[in-house]
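Remarks on the structure that follows.
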Amino acid sequence: MDDDMKESLPEDLPGHLIRRMQQVSVSLFLQALHELDITPIQYLALTLVKSYPGIDQVSLSGRMALDTSTVADVAQRLVRKGFLVRTRSETDRRTYALHLTEEGERTVHQAQPLVKRARTELLSPLEPKERSLLIDLMCKVLQEHDVRFSLEQGAPWSRSAIRSQEREVL
């Protein structure tokens, strides 16, 4: 088979493989955390709010690599579930600071071992060194594209944009 034909097979298309890996990852996550009734995106938001108490929704969207309207919707759902509270920021009255509630803290605590189990299952076909290599390679690709998109399009989820926002706060 020539190289042109090989590149058109699904197993040779990185985007297809990444999408499939995402499908498997989400499926394993939802199976592991079905009793907690949270999605992977909601878990990410909760863990970031736990790490950065009082983070505003714009900064959260940058850290999550999602647009601000999606993050606003995620935050609102988490408020309705009783996991987050939104309060006006003391430093900028136009923004909301996000904090975990006691129920949110409990949920993150309960979710952590379940998420670890789902991650272990996702990567179980790989040897430990391969798992580390896979994560390193994905980070390398994302870091390069974060820089490219932030320079070309000003992507709000780029690491450099997040670092810039952090410098402005300090």
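The values are calculated or read from the model by the stated rules, or taken from the named source; none is laboratory data. What you are looking at is a predicted structure, and each value in this text was computed from that prediction instead of being measured. When we count neighbours, we look across all protein chains shown, and the Cβ atoms used for this are built from the backbone with ideal geometry, even at glycine. Note: accessible area is taken over every heavy atom of the protein model, side chains too, but ligands, DNA and RNA are not part of it. Shrake-Rupley method; radii C 1.70, N 1.55, O 1.52, S 1.80 Å.
Please count how many residues of region 62-85 are outside any helix (DSSP H, G or I), of a type outside the set (D, E, K, R) and out of contact with any strand residue (DSSP E or B) (no Cβ under 6 Å at 6 or more places or on another chain). Step through it out loud before you land on a result.
Residues of region 62-85 outside any helix (DSSP H, G or I): 65-67, 81-85.
Narrowing further to those that are of a type outside the set (D, E, K, R): 65-66, 82-85.
Of the ones still in play, those that are also out of contact with any strand residue (DSSP E or B) (no Cβ under 6 Å at 6 or more places or on another chain) are 65-66, 82-83.
The total comes to 4.
Could you go through region 30-41 and let me know if any residue there is surrounded by 14 or more Cβ atoms within 10 Å (Cβ to Cβ), in contact with a strand residue (DSSP E or B) (Cβ under 9 Å, 6 or more places away or on another chain) and aliphatic (A, V, I, L, M).
no
Among the residues that make up region 103-126, is at least one of them within 17 Å of the chain's Cα centre (by Cα) and open to solvent by 100 Å² or more (accessible area, probe 1.4 Å)?
Yes, that holds for at least one residue.
Please enumerate the residues belonging to region 56-101 that are among the small types (Gly, Ala, Ser) and surrounded by 15 or more Cβ atoms within 10 Å (Cβ to Cβ). Outline the logic, then answer.
To start, the set of residues in region 56-101 that are among the small types (Gly, Ala, Ser) comprises 59, 61-62, 65, 69, 72, 75, 82, 89, 97.
Listed by number, the residues that qualify are SER59, SER61, GLY62, ALA65, ALA72, ALA75, SER89, ALA97.
Does any residue of region 43-51 turn out to be open to solvent by 30 Å² or more (accessible area, probe 1.4 Å), within 23 Å of ARG20 (Cβ to Cβ) and modelled with pLDDT of 95 or more?
Yes, because at least one residue in region 43-51 is open to solvent by 30 Å² or more (accessible area, probe 1.4 Å), within 23 Å of ARG20 (Cβ to Cβ) and modelled with pLDDT of 95 or more.
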